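The values are calculated or read from the model by the stated rules, or taken from the named source; none is laboratory data. If you're wondering where the values come from, they're calculated on a predicted model, not measured in any experiment. Reconstructed Cβ throughout: ideal geometry from the backbone, glycine too, with neighbour counts over all protein chains shown.
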Amino acid sequence: MANDAFSISATLSGISEIRAGHPFRGSVPEVVNGSVSVIQIKDVDWAGSVKWEGLTKTRLEGRKEPDWIKSGDILFVARGTKIVAAYVDEVPVPCVCSQYFYLLRIKSERVLPEFVAWQINQHPAQTYLVKSAEGSAQVSVRRSMLEDLSIVIPPINQQRIIVELAKTASREREIFEALIINREQELRVIAKKLLEPTVAER
């Protein structure tokens, strides 16, 4: 680690345990009454949020205890069209992540996992990961590249401030997006009332 008066710089592997997702063989087998939910790439959006309501249910085989997703974990999408980290705040159901994720667990109490997830999703880290990734349209990030990612760690109070700012920005984005959707729906209703009679007369 290198440090100055304000921050510490470390590799991602230096501050976290990095594990592979659950080793499913191919696609996740769906079991309607399965006791385990699986987080797949489709369940994480571009903002790094997990869409819990759409998880596939399955049944896990084998005697080895799986790496259950826990509160405070970071899920890193390692393959596909989006390279994004998702911070897990609460886990509403017993679940694992698929083989296309890396599961990150922060080892130090001086590092907030939500801050690390935020930093991974910012331009400097994204630039490094995209350049290091294999493939073009469907990229793949090797574990060694993720391990070597440089993370800047400011004092924990500053981490908290940044996390709160990011949460505020996310809430504001959701509000604006909802307003846009509502306005578009209003315009569709107006267009239907105004234009459909005209079209029918032709």
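Take residue 111 and decide whether it is on the phi < 0 side of the Ramachandran plot, hydrophobic (A, V, I, L, M, F, W, C), free of Cβ contacts under 8 Å to residues at least 24 places away in the same chain and surrounded by fewer than 21 Cβ atoms within 10 Å (Cβ to Cβ).
Here the answer is no, as residue 111 does not meet what is asked.
Mind listing just one residue for me: the one in the range 55-92 that is small (Gly, Ala, Ser) and under 17 Å from the mean Cα position of the chain (by Cα) and, of those, farthest from residue 109 (Cα to Cα)?
80
Can you tell me which of (1) surrounded by fewer than 13 Cβ atoms within 10 Å (Cβ to Cβ); (2) not assigned by TED's automatic domain parsing to the domain that holds residue 50 is the one residue 160 doesn't meet?
Looking at each condition in turn, residue 160 falls short on (1).
Need a quick list: strands (runs of 3 or more DSSP E) entirely within the range 8-64 having at least 3 residues that are of a type in the set (A, V, I, L, M, F, W, C).
36-39
Looking only at residues that are part of a helix (DSSP H, G or I) and of a type in the set (Val, Ile, Thr) in the range 101-137, which one is farthest from residue 80 (Cα to Cα)?
Checked the range 101-137; the qualifying residue farthest from residue 80 (Cα to Cα) is 116.
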